[in-house]
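Peer 1: One structure follows; several queries about it will come next.
The values are calculated or read from the model by the stated rules, or taken from the named source; none is laboratory data. Predicted model, so just to flag it, every value in this text is computed and none were measured. Here the Cβ positions follow ideal geometry from the backbone for every residue, glycine too, while neighbour counts run over all protein chains shown.
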Amino acid sequence: MCLGIPGCIVMIDDAAKMLATVDISGVRRQVNIACIVDEEHPVSSCVGDWVLVHVGFAMSRIDEAEAAETLKILTELGEARAELEAIHLSAAHLGGQPA
Amino acid sequence: MKYLDEFRDSARARILVTEIEALVATMDVPHDRPLHIMEVCGGHTHSIFRFGIEGMLPKQIELVHGPGCPVCVLPMGRVDDCVNIAERPEVIFATFGDAMRVPGSRKSLMQAKADGADVRMVYSPLDALAIARKNPAREVVFFGLGFETTMPSTALTILQAQSERIANFSVFCNHITIVPTIKAILDSPDLKLDGFLGPGHVSMVIGIAPYAFIANFYRKPMVVAGFEPLDILQSIWMVLKQIKEGRADVENQYARVVPDQGNAAALDAVARVYELREFFEWRGLGSIDHSGVKLRDAYAQFDAERKFAIPNVKIADPKSCQCGEVLKGVIKPWQCKVFGSACTPEMPLGALMVSSEGACAAYYQYGGIKQHVAAE
């Protein structure tokens, strides 16, 4: 109940009551979207949003830019490590300290 | 599914484990005193066992499983209160499935249902409200359970009931709040913690500012973490980096879901509907000041505590059951005397064995005892 599950808003059912249909891995369910709308992001612009659904409520819009950023940091971490390992490996082969 | 595969990528996980090992190797951690990092949230506990994360970590890091499973911290007397309400002939008692098997002193809600009480498992408080609409002659009571993650959904359901003037719907409000609980843990003399993984979905509602005291006053690192393996590994790495650099900050690893300022609409609903209780009783942790909420007077008609006489019974946990020590991280689940013998997921004695987010159930299901051995 606390973990939530990501789903995609496919249809607005009742704009006044802020109810929308979300597709969660092929299962469709009506959810309340009151917590993810505001003046900048009105009900009408919600179709296509990826949201995290908790107990029938969309509680957060999943921010794709932030997700990409986190993954990028992880990738760079790996690249930096691979680079360092390559430097040390060559140095060991050459029998000296890394240049 | 969106951002599940990416954050479960095993190649990236290996890179992070290497980074963690490399960082720890520079930190001079004493052999007999590993770094203790507490994951506050039961959702993290579940992920940690499900993906075998403990087994991936170097020996210098020990994860301490915190109290953040709302089902697990329910005192036995509270279950008795639920059963008492549910057994009233006019009542339909609606609850999340997680709470069905928590043992009360007489019976669980599941047993009450078997004995004829009208107990219904619902996925959402909105489903409980729909039951009330369909059954105007019955009293529908929803068992409001959870930290700030589910608190807004109950509040919004009450506001919806009010706008529709639904008179046969009420909430038995057992919502709890995380910050006083973390403070109680930090003040507990049993525990020496070096850092925290912060609860991702509570933070999605409350933001990261409420944790500032952990960094500023207690000087402990706190990283708000997501629930996939890469999220957890990266957050552990971020906590270690803070320790290594002598910093204590609140950082947000889970920015794709958690805005630093939280969710304004959810917080507004929470503020409208609830007020803090003076204290609230937790299983294993005792009474913690201001750690629970109740409905404000304006919503009295939706408050099951005012609608029904609730005995509010206090029952001590079974003596053999050591949920309290496990909850505080003082002992590991498998060190409890009844773990896996008198207490199993099929026949749980303590609440930690009931919920899939409870440390004991997670250990039992995913073989946590053997993980360290297997990893070596």
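Peer 1: What helices (runs of 4 or more DSSP H), lying completely within the range B:191-308, carry at least 2 residues that are within 12 Å of another protein chain (Cβ to nearest Cβ)? Working first, answer last.
Peer 2: On the way: elements: B:200-206, B:212-216, B:229-244, B:264-273, B:304-307.
By residue number, B:200-206, B:229-244, B:264-273.
Peer 1: Still on this structure, please answer the following. It is to be established whether one or more residues within the range B:126-140 are touching a residue at least 40 places away in the same chain (Cβ under 8 Å) and closer than 26 Å to residue B:290 by Cα.
Peer 2: No.
Yes or no, residue by residue, for (1) under 28 Å from residue B:334 (Cα atoms); (2) at pLDDT below 90; (3) buried (at least 16 other Cβ atoms within 10 Å of the Cβ):
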position	(1), (2), (3)
B:21	yes, no, no
B:34	yes, no, yes
B:40	yes, no, yes
B:48	yes, no, yes
B:61	yes, no, yes
B:68	yes, yes, yes
B:94	no, no, yes
B:99	yes, no, yes
B:109	yes, no, yes
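Peer 1: Right, another one. Give the residue that is farthest from the other protein chains (Cβ to nearest Cβ), with candidates limited to residues of the range B:123-141 that are assigned to a helix (DSSP H, G or I) and among the charged types (D, E, K, R). Walk me through how you get there before you give the answer.
Peer 2: Step one: filter the range B:123-141 for residues assigned to a helix (DSSP H, G or I), giving B:125-134.
Filter again for among the charged types (D, E, K, R), leaving B:127, B:133-134.
On the way: B:127: 7, B:133: 13, B:134: 16 Å.
For the range B:123-141, the residue satisfying everything is B:134.
Peer 1: A further question on this structure: When both residues are 6+ apart or on different chains and their Cβ atoms are under 7 Å apart, which pairs have a first residue that lies in the range B:261-274 and is closer than 10 Å to residue B:155 by Cβ, and a second that is outside any loop (DSSP other than H, G, I, E, B) and among the hydroxyl-bearing types (Ser, Thr, Tyr)?
Peer 2: B:273/B:299
Peer 1: Within the range B:1-96, considering only helices (runs of 4 or more DSSP H) that don't extend past its boundaries, which have at least 3 residues that are without any contact (Cβ under 8 Å) to a residue 24 or more places away in the chain?
Peer 2: On the way: elements: B:10-25, B:42-50, B:53-56, B:76-86.
In the range B:1-96, the matching helices (runs of 4 or more DSSP H) lie at B:10-25.
Peer 1: Do we have any residue at all in the range B:76-88 that's closer than 30 Å to residue B:256 by Cα, at pLDDT 90 or above, among the hydrophobic types (A, V, I, L, M, F, W, C) and in contact with a Lys or Arg (Cβ under 8 Å, 6 or more places away or on another chain)? Reasoning before the result, please.
Peer 2: Going residue by residue through the range B:76-88, those that are closer than 30 Å to residue B:256 by Cα are none.
No; the residues of the range B:76-88 include none that is closer than 30 Å to residue B:256 by Cα, at pLDDT 90 or above, among the hydrophobic types (A, V, I, L, M, F, W, C) and in contact with a Lys or Arg (Cβ under 8 Å, 6 or more places away or on another chain).
Peer 1: Go through chain A and tell me which strands (runs of 3 or more DSSP E), entirely inside it, have 2 or more residues that are farther than 22 Å from residue B:269 by Cα and modelled with pLDDT of 85 or more. So that I can check it myself, show each step before the final result.
Peer 2: Numbers: elements: A:5-14, A:19-24, A:27-32, A:50-54, A:57-61.
The strands (runs of 3 or more DSSP E) meeting that bar are A:5-14, A:19-24, A:27-32.
Peer 1: Now, a different point. Which numbered condition trips up residue A:72, out of (1) more than 12 Å from residue B:3 (Cβ to Cβ); (2) of a type outside the set (Ser, Thr, Tyr); (3) in contact (Cβ under 8 Å) with a residue 12 or more places away in the chain?
Peer 2: (3)
Peer 1: Hey, any hits in the range A:17-39 for a residue that's in contact (Cβ under 8 Å) with a residue 40 or more places away in the chain and more than 9 Å from every other protein chain (Cβ to nearest Cβ)? It would help to see each step written out before you state the result.
Peer 2: Residues of the range A:17-39 in contact (Cβ under 8 Å) with a residue 40 or more places away in the chain: none.
No; the residues of the range A:17-39 include none that is in contact (Cβ under 8 Å) with a residue 40 or more places away in the chain and more than 9 Å from every other protein chain (Cβ to nearest Cβ).
Peer 1: Filter the range A:40-55 for residues that are facing chain B (nearest Cβ under 7 Å), in contact with a strand residue (DSSP E or B) (Cβ under 7 Å, 6 or more places away or on another chain) and within 19 Å of residue B:206 (Cα to Cα) and give the result. Lay out the reasoning, then the answer.
Peer 2: Start the filter on the range A:40-55 by keeping residues that are facing chain B (nearest Cβ under 7 Å), which leaves A:50, A:52, A:54-55.
Restricting the remaining residues to those that are in contact with a strand residue (DSSP E or B) (Cβ under 7 Å, 6 or more places away or on another chain) gives A:50, A:52.
Hit for the range A:40-55 is A:52, nothing else.
Peer 1: Something else about it: Taking only pairs six or more apart or across chains, which ones have beta-carbon atoms under 7 Å, a first residue in the range B:323-352 that is under 18 Å from residue B:38 (Cα atoms), and a second residue that is of a type in the set (Ser, Thr, Tyr) and not in a loop (DSSP other than H, G, I, E, B)?
Peer 2: The qualifying pairs are B:333/B:363; B:334/B:363.
Peer 1: If you go through the range A:2-60 one residue at a time, how many are crowded, with 21+ Cβ neighbours inside 10 Å, under 21 Å from residue B:159 (Cα atoms) and not small (Gly, Ala, Ser)?
Peer 2: 11
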